[in-house]
Structure formats: structure tokens, C-alpha cells
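Right, one structure below, let's go through it.
The values are calculated or read from the model by the stated rules, or taken from the named source; none is laboratory data. Values in this document were obtained by computation on a predicted structure and should not be read as measured data. Counting neighbours? That spans all protein chains shown, and the Cβs are built from the backbone with ideal geometry, glycine included. Keep in mind that these areas ignore ligands, DNA and RNA; they rest on the heavy atoms of the full protein, side chains included. Shrake-Rupley method; radii C 1.70, N 1.55, O 1.52, S 1.80 Å.
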Amino acid sequence: MKYLIVGLGNIGPEYADNRHNIGFMVLDELAKQENAKFSMLKLAYYTEVSFKGRMLHLIKPTTYMNLSGKAVSYWMKELKIPIENVLVIVDDLAIPFGAIKLKPKGSPAGHNGLKSIEGLLGSNEYSRIKFGISDHFPKGRQADYVLSGFDQDEIPDLPALIERSIAIIKSFVTVGAELTMTNFNNLKLSK
């Protein structure tokens, strides 16, 4: 079984630790734990890891957020991965920080990376991990907010939340979306 695991973000050091790059952060940590190294390939940084007999093809698109669909579409075709085996990790303003939800499909809800993926795939039938980043920004300042770093009081919680995201990825590829949602979607950050 092959899976395409997509971490959304923007390339470049100026974006490295911002909220919009949580998808990159999750895949970087997963690759580190598995001693895998990303290589710059067509439209994405790419690596692969094996988990319980499944091959996880990890990509971090190099197209910038708004064109993420180009990389997802290319790698799905290149690796012959069906849409039900695609999992996208994305930041979500509508979910409070500390909450992470797996959704088996859905609308892009204003997220430009998801809009691009849906537009190029012609479908929203792919799963996504929605990593809550809250919406504490003044009206009209959404772009500045998602492109800024996490708050000082959020940073200590990031490692545990990234670890939970990795656990969700591993659950998704072994037991599927429904059971993973049951096991993870209502977990709260324990302090």
C-alpha cells in the first residue's frame, strides 16, 4: 500500500517557523524520526518512509502554498497513488490552537493551498489533517497572521502537537480515516 503524505507550507527561511508552515514542520519531524532525508525533486522536497508494511511518500511542495495542487497532482500521477490514499497536513484558522482534526474530505474553507489542490485534482475527496492555529488576528490581517510565528505561549506545546499529528498519519495509513477520527478528533491538549 502506498500513500502520499503532503505537508503544506512555503519554501524559504523567512517562512520556516510560521503558522502556515505547520505541514512542513510535521513532515520534517516524521522524516527525522525515521532517519529519512528530503531531496529536492520535481515540484517538491521528497522522501519516503516505511511504516507497518505501508510506503509513505512524503512531499513538501516547492510551489508555494497557492500552487500546492501542481505538486500534489504530479506526485499522485507519478507514484500512481489513488486519491483515497492522499493525506494533506494543513493549518486551520477555524480550529483553536491545541486541536487537530482529521477530515476525510471537504471544502477548502478559504485555504489557498487546499483550493489549489481541489482545483487541480477536480475533487475534494482527499483526507486532510487540520492543525488548529486559532484566529486571533485583527480584521483584514489574516495573511500577516498565518505568515507569522507561533506565539510564545504556544511554542512549548508544538512538539506534543506535532507528535500527535504524526500519530494521526500513522493511524490513517494503518486503520483508515473513520477509526482515526474516532480515536483522535476530540483530543484536547493536556497541560
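Under the simplified labelling scheme, the Asp135-Glu14 pair shows an inter-label distance of 2.8 nm, with each label point 7 Å from Cα along Cα→Cβ. Close amide H pairs (under 5 Å, H built 1.01 Å from N) link Gly106 with Tyr126, residues at least 5 positions away or on another chain.
Once a ≥ b ≥ c are taken as the square roots of the eigenvalues of the Cα gyration tensor of the range 42-116, is the result rounded (a/c under 1.5), prolate (a/b larger than b/c) or oblate (a/b not larger than b/c)?
Oblate, since a/c reaches 1.5 and b/c is not below a/b.
Applying the Karplus relation 6.51 cos²θ - 1.76 cosθ + 1.60 with θ = phi - 60° to the range 132-145 yields 3J(HN,Hα) values of x, 10, 6, 9, 8, 9, x, 3, x, 10, 4, 4, 4, 5 Hz, where x marks Gly and Pro.
Comparing mean-square fluctuations of Asn112, Asn35, Asn66 from a GNM of the chain with C-alpha springs under 10 Å, the top value falls on Asn35. Solvent-accessible area of Lys32, all protein chains in place: 140 Å² (probe radius 1.4 Å, heavy atoms, ligands and nucleic acids excluded). Placing pseudo-labels 7 Å out from each Cα toward the beta carbon at Ala143 and Val175 gives an inter-label distance of 4.2 nm. Just checking the listed ones, Glu178, Glu125, Glu48: in the Gaussian network model of the chain with Cα springs under 10 Å, the one fluctuating most is Glu178.
Based on DSSP, what percent of beta bridges with both residues in the chain are antiparallel, to the nearest 5? Don't jump to the answer; show the numbers that get you there.
Values: 16 of 31 bridges.
If I count the DSSP bridges inside the chain, around 50 percent turn out antiparallel.
In this structure the range 101-191 gives 52 Å² per residue of accessible area when probed at 1.4 Å with all protein chains present. Which whole-angstrom value gives the distance between the alpha carbon centres of the range 133-191 and the range 85-132? Cα centroid of the range 133-191 versus Cα centroid of the range 85-132: 12 Å apart. Under a model in which nothing but the beta-carbon of Lys, Arg (+1) and Asp, Glu (-1) is charged, the range 142-191 shows a dipole of about 300 debye around its Cα centre. Full extension of the chain segment joining Phe38 with Ile155 gains 39.7 nm, where the gain is 0.36 nm per residue of separation less the Cα-Cα distance. Which cross-chain or sequence-distant (5 or more) residues have an amide H under 5 Å from the amide H of Ala99, H modelled 1.01 Å from N in plane? Here the answer is Gly132, since their amide H atoms fall under 5 Å of that of Ala99. Here the 3J(HN,Hα) profile of the range 91-108, calculated from phi with Karplus coefficients 6.51, -1.76 and 1.60 at θ = phi - 60°, is 6, 9, 5, 7, 10, x, 4, x, 9, 9, 10, 8, 10, x, 5, x, 6, x Hz, Gly and Pro shown as x. Here is what passes the span test in the chain: the DSSP H helices with alpha carbon length of 24 Å or more along the helix axis and a Kyte-Doolittle mean of 1.0 or above are 158-175.
For the range 48-157, the share of accessible area belonging to carbon and sulfur comes to 52 percent (1.4 Å probe, ligands and nucleic acids excluded).
The phi-based Karplus calculation (6.51 cos²θ - 1.76 cosθ + 1.60; θ = phi - 60°) puts the 3J(HN,Hα) values of the range 146-155 at 5, 8, 9, x, 5, 5, 4, 7, 8, 3 Hz, whole numbers, x for Gly and Pro.
Think of the range 49-191 as a dipole: +1 on every Lys or Arg Cβ, -1 on every Asp or Glu Cβ, centred on the Cα centre; then among Val49, Ile100, Phe137, Val49 lies furthest on the positive end. Around the Cα centre of the range 1-135, unit charges on the Cβ atoms of Lys, Arg, Asp and Glu (plus for the first two, minus for the last two) sum to a dipole of about 400 debye.
Summing Cβ point charges (Lys, Arg +1; Asp, Glu -1) relative to the Cα centre of the range 1-81 gives a dipole of roughly 380 debye.
Residues considered: Val72, Val86, Val175. Largest GNM mean-square fluctuation over the chain, using C-alpha springs under 10 Å, is found at Val175.
So for the range 93-174, Kirkwood radius off the Cα pairs, Stokes-Einstein at 20 °C and 1.002 mPa s: how many µm² s⁻¹? Translational diffusion coefficient: 151 µm²/s.
The alpha carbon radius of gyration of the range 1-47, expressed as a multiple of 2.2 N^0.38 Å, is 1.15.
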